[in-house]
Amino acid sequence: MAFSVMKFLGFFFFVLLMACEKRGDTEQTPFVLAQDIPNQFLTFLNTQAYFAAGDYLLYVLPQVAESGNFSGSIIINQRQQEFSGDWSESSNIVWQDNDDFTLEVNFQQAAGLTLDVTCSSACSAYLVKNDYLFYRADSVEGNINVKLADNQISSRAYANAYYQAVDPNSTRTTLANWKSVNGFDDGFDQHVIFRDSKDLGYGRDMYAKFKEDGGVALFVNNFVVALGKGNPANYGPLNLYAAVDQNLDYLLGSNAIEFSPLEVSEQDDGDFILKFFTFSSPDENGEQVRITSADLDGRGIKHMPTMCQVCHGARLMPLNLDGSFNLMSLKSAKFNQLELNSFEFMSEGEFSQANLEPGIRAINQAVHASFGKIAQREVTELGYWDSTFARTIAQGRYGGEEFSSATFIGDDIPAGWQQTDFRPEGVETLYKEVIEPHCISCHSIRGFNAGNDEDLDEAIINGQVTLTGTAINFSNYEKFIGYSDLIIDYVYKRGAMPLSLRNYESFWAVPAGVPSLLASFLPGFDVLNEEGEVQQPGIAVAKPGRDRIGKSPVSLDGSGSYFASSFQWQIISAPVGSNVILENSNEAIASLKIVDDGAEDNASDGDYEIELTVGNSKSDNQKNSMTITLDSALEKHASQLNFVDDIRPILQTTLFNQRTCQSCHYQESNVEGIPVYYDNSNPQLYWDVRARVDFKDVDNSILIRKPTRLQHGGGQRIDLQTDAGKEIYSTLIGWMIHGAPCGHDESICGEQ
């Protein structure tokens, strides 16, 4: 039976329906929402900005001492500066202590840059901060043309490197090519049509092919009846009718996922990985070409593979130094199961639930088998994932390992979430109403196995001894509730979870319902409005950072505050007789500075309580405070810290009264699934560490968050309640705030 969208809507909507936007390969400016509306859907929380906020110097120098000239422009935070200059034959060609041309540039927030320079002869550009080199670009035929995206893991360059890794021979550049490579010319094994009300709200026209070697290939044609850019109604039930009707006027484009071995010879170890492809809507010849970016949810352009992998359990890392795609990122993605209880079907006919359920079961069985195939990898491989819980979820939905149930079991509760004497009353309701519909599909396929075989990883949570390796998979109540502080932060304050827009909308449809139920289980929950009701994200949240030690001037970074459009720093208390000021006190980044009045160096040492107040159009006077301990006796100012001399020793030397980070984070440790090596055998040691720094929210960086929490495969390594822990934290956070410079060791940092 065919269902016409036009007949269903009537002529009244005809003109509106013509507004359906096609999906294409574009670098257009993302759709921008108001400051106080959550807008992190389908994005990775750490965007991997190239440079931290702050002041830098740009040097443009000749490569050979000779007279000449140059001109150019630099764009940072969408602000452009133009410059020009000349050199004499005696010009210094080394940036250190150079008195020739320099340009002061400012990053108001962490970002990338666009740099265009034309020189009369070979030249180089250097970006320097606090006498540390952060970036160098050499001219090609006298020209420097560089574009570093604000987001290292979502850009056209990132997408192109990914496609080169998963399709090195360019055999999948169109949907037709992809189908041929994967055997669809000979037909398909399953075909289902539904609307995914939980994810993107599309009408999904899905085809599946199962291969004898365990490989799986799926492609889905996505139908969207768009009523206007950003309109939530774009993702409603009409999309199902468009898909069933095969109305190509509403075919937004197609996505394909392939579970097959790597094809790059130097990386081909026989492992099967997920490969993601996005194709445009049909052109005038009906051809759908591969594209690098798309606006999937009306919230702006995002790039491949980030917009797919964020929901598929992947660890997204920046490109390798040679521009190739990170191997662990390639291997970390997994299939999501098709959650039949979140789909909408036609009420009768070929595409009713009863007729489509066998096909969905077959696809889910293939997904379950892929989990088992991934589990066959070497357990000591970087980022090894334990698929046990994901398989448990799949088996619970179909009656066991053999999938003996012909129909989807929507009310199964895993053992880790079943009611016991030691779990609070209502834990099964929590699972059925919150965890299963809003969390588990993505979280069950996340995490590394590191630490599950270590005694020190055991923690007492809810009165139970709990292994917190892979805790992020939420395989039991104890692992989940151990994240209660982060759940409050990510769900209720920053609005980053649930991650997909439709899921977010469903979660918050009735604040007194699901959000309040979840809040009732979270210790210390305090995100309430004036009426004492659960507050939806959008209210400004001040994040000044945690207590730390520093040498004047101390940089105060509040740029990680949520939804803030105004900032105000204030000294609440100070040592008697101290003489300090707050510079830039109404900016996101301020400075606590001793006034030079001839007093003794240590006259202003001591504890300062600093309060940050933020606001936006929905709220003002949102406050939070921290304590800065000024200590003039510290050997280094935070701006002088570098990776080689100050951070590497923390990772490699015993500073925790127990053991080093490197005790686990090195290859010979044989810790299952360790995600990164911190020993000197890692040729990308500095860059792998920097990839765990979030310049937009330094206090939420993995480098800080992991070792300070129990949910770390190596246990809590930095105890912030101790002087030693606070000292280590202060060193790490100070280094990151000042841009996380590498230092001057060429063997680690490269040529200066």
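Is it fair to say Ser154 is under 17 Å from Ile291 (Cβ atoms), part of a loop (DSSP other than H, G, I, E, B) and out of contact with any helix residue (DSSP H, G or I) (no Cβ under 8 Å at 6 or more places or on another chain)?
Spelling it out, it is not the case that Ser154 is under 17 Å from Ile291 (Cβ atoms), part of a loop (DSSP other than H, G, I, E, B) and out of contact with any helix residue (DSSP H, G or I) (no Cβ under 8 Å at 6 or more places or on another chain).
When you check Gly201 against the structure, is it on the phi > 0 side of the Ramachandran plot and buried (at least 19 other Cβ atoms within 10 Å of the Cβ), yes or no?
Taking the combined requirement at face value, the residue satisfies it.
Given the options Leu517, Leu486, name the one that is in contact with an Asp or Glu (Cβ under 7 Å, 6 or more places away or on another chain), assigned to a helix (DSSP H, G or I) and either aliphatic (A, V, I, L, M) or in the same structural domain as Gln108 (by TED's automatic domain parsing) (or both).
Leu517
If I ask for residues that are crowded, with 16+ Cβ neighbours inside 10 Å and touching an Asp or Glu at 6+ places or on another chain (Cβ under 9 Å), which ones from the stretch 414-439 would you list?
Gly416, Trp417, Arg423, Glu436, Pro437
If I ask for residues that are in contact with a helix residue (DSSP H, G or I) (Cβ under 8 Å, 6 or more places away or on another chain) and either part of a strand (DSSP E or B) or not polar (S, T, N, Q) (or both), which ones from the stretch 163-177 would you list?
Result: Ala165, Val166, Arg172.
I'd like the residue in the stretch 376-403 that is in a loop (DSSP other than H, G, I, E, B), of a type in the set (Gly, Ala, Ser) and surrounded by 20 or more Cβ atoms within 10 Å (Cβ to Cβ) and, out of all such residues, is modelled with the highest pLDDT.
If we take residues in the stretch 376-403 being in a loop (DSSP other than H, G, I, E, B), of a type in the set (Gly, Ala, Ser) and surrounded by 20 or more Cβ atoms within 10 Å (Cβ to Cβ), then Ser387 is modelled with the highest pLDDT.
Return the only residue of Leu248, Leu227, Leu238 being at pLDDT below 95, more than 28 Å from Lys331 (Cα to Cα) and touching a Pro at 6+ places or on another chain (Cβ under 8 Å).
Answer to the selection: Leu248.
Sort out which residues of the stretch 715-752 are small (Gly, Ala, Ser), outside any helix (DSSP H, G or I) and in contact with a helix residue (DSSP H, G or I) (Cβ under 7 Å, 6 or more places away or on another chain), and write them in order of number.
If the condition is that a residue be small (Gly, Ala, Ser), outside any helix (DSSP H, G or I) and in contact with a helix residue (DSSP H, G or I) (Cβ under 7 Å, 6 or more places away or on another chain), then Gly715, Ala740, Gly743 are the ones that fit.
Report yes if some residue within the stretch 370-393 is touching an Asp or Glu at 6+ places or on another chain (Cβ under 9 Å), under 21 Å from Ser342 (Cβ atoms) and not assigned by TED's automatic domain parsing to the domain that holds Leu501; otherwise report no.
yes
Quick one: would you say Ile461 is more than 22 Å from Arg502 (Cα to Cα), in contact with a strand residue (DSSP E or B) (Cβ under 8 Å, 6 or more places away or on another chain) and of a type in the set (A, V, I, L, M)?
Criteria not met by Ile461.
Return the only residue of Leu42, Leu113, Leu58 being on the phi > 0 side of the Ramachandran plot, of a type outside the set (Val, Ile, Thr) and either without any contact (Cβ under 8 Å) to a residue 40 or more places away in the chain or not assigned by TED's automatic domain parsing to the domain that holds Phe643 (or both).
None of the others qualify; the one that does is Leu42.
Please find, within the stretch 204-230, the residue that is surrounded by the fewest Cβ atoms within 10 Å (Cβ to Cβ) out of those that are under 19 Å from Arg299 (Cβ atoms), in contact with a Phe, Trp or Tyr (Cβ under 9 Å, 6 or more places away or on another chain) and of a type in the set (Gly, Ala, Ser).
Checking each candidate, the answer is Gly230.
Collect the residues in the stretch 287-300 that are at pLDDT 90 or above and over 11 Å from Thr174 (Cα atoms), keeping them in residue-number order.
Correct list: Thr292, Ser293, Ala294.
Quickly run through the stretch 175-233 and pick out the residues that are more than 26 Å from Gly372 (Cβ to Cβ) and touching a Cys at 6+ places or on another chain (Cβ under 9 Å).
Scanning the stretch 175-233 gives Val224, Val225, Ala226, Leu227.
Taking the condition free of Cβ contacts under 8 Å to residues at least 60 places away in the same chain, part of a loop (DSSP other than H, G, I, E, B), out of contact with any strand residue (DSSP E or B) (no Cβ under 8 Å at 6 or more places or on another chain) and among the hydrophobic types (A, V, I, L, M, F, W, C), does Val94 pass?
no
Are any residues in the stretch 706-747 surrounded by fewer than 18 Cβ atoms within 10 Å (Cβ to Cβ) and without any contact (Cβ under 8 Å) to a residue 60 or more places away in the chain, and if so, which ones?
Answer for the stretch 706-747, where residues must be surrounded by fewer than 18 Cβ atoms within 10 Å (Cβ to Cβ) and without any contact (Cβ under 8 Å) to a residue 60 or more places away in the chain: Asp719, Gln721, Thr722, Asp723, Glu746, Ser747.
Just checking, which of Lys373, Lys334 is surrounded by fewer than 18 Cβ atoms within 10 Å (Cβ to Cβ) and among the basic types (Lys, Arg)?
Lys373
Which pairs have Cβ atoms under 7 Å, sit 6 or more apart or on different chains, and link a residue in the stretch 623-642 that is touching a residue at least 60 places away in the same chain (Cβ under 8 Å) and under 30 Å from Val527 (Cβ atoms) to one that is in a loop (DSSP other than H, G, I, E, B) and of a type in the set (D, E, K, R)?
Asn624/Lys543; Met626/Arg546; Met626/Asp547; Thr627/Asp547
Which residue pairs have Cβ atoms closer than 7 Å, lie 6 or more positions apart in sequence or on different chains, and pair a first residue in the stretch 419-431 that is of a type in the set (Val, Ile, Thr) with a second residue that is part of a loop (DSSP other than H, G, I, E, B)?
Val427/Gln419
Under 7 Å between Cβ atoms, at least 6 apart or on separate chains: pull out the pairs that start in the stretch 488-501 with a residue that is over 11 Å from Pro515 (Cα atoms) and end on any residue that is among the acidic types (Asp, Glu) and assigned to a loop (DSSP other than H, G, I, E, B).
Sorted first by the residue in the stretch 488-501, then by its partner, the pairs are Ser500/Asp199; Leu501/Asp297.
Which of the numbered conditions does Phe70 fail, given that it passes all the others? Conditions: (1) in contact (Cβ under 8 Å) with a residue 12 or more places away in the chain; (2) within 32 Å of the chain's Cα centre (by Cα); (3) not in a loop (DSSP other than H, G, I, E, B).
Only one criterion in (1) in contact (Cβ under 8 Å) with a residue 12 or more places away in the chain; (2) within 32 Å of the chain's Cα centre (by Cα); (3) not in a loop (DSSP other than H, G, I, E, B) is unmet by Phe70, namely (2).
Regarding Ile144, is this residue of a type outside the set (D, E, K, R), assigned to a strand (DSSP E or B) and outside the structural domain of Cys308 (by TED's automatic domain parsing)?
It is true that Ile144 is of a type outside the set (D, E, K, R), assigned to a strand (DSSP E or B) and outside the structural domain of Cys308 (by TED's automatic domain parsing).
Please verify whether Tyr477 is at pLDDT 95 or above, crowded, with 22+ Cβ neighbours inside 10 Å, farther than 24 Å from Ser329 by Cα and out of contact with any Lys or Arg (no Cβ under 9 Å at 6 or more places or on another chain), treating the condition exactly as stated.
No: the conditions fail for Tyr477.
Could you list all residues from the stretch 330-358 that are assigned to a loop (DSSP other than H, G, I, E, B) and not polar (S, T, N, Q)?
Residues satisfying the conditions are Ala333, Lys334, Phe335, Leu338, Glu339, Phe345, Glu348, Gly349, Glu350, Phe351.
May I ask you to list the residues in the stretch 93-145 that are in contact with an Asp or Glu (Cβ under 6 Å, 6 or more places away or on another chain) and closer than 14 Å to Phe70 by Cα?
Answer for the stretch 93-145, where residues must be in contact with an Asp or Glu (Cβ under 6 Å, 6 or more places away or on another chain) and closer than 14 Å to Phe70 by Cα: Ser124, Asn145.
Being among the aliphatic types (A, V, I, L, M) and either in a loop (DSSP other than H, G, I, E, B) or modelled with pLDDT of 85 or more (or both) is the filter here, so list the residues in the stretch 441-459 that pass it.
Ile445, Ala450
The values are calculated or read from the model by the stated rules, or taken from the named source; none is laboratory data. A quick note: this is a predicted structure, and the numbers were derived from the prediction, not measured. Don't worry about glycine lacking a Cβ; one is built from the backbone with ideal geometry, like all the others, and counts go over all protein chains shown.
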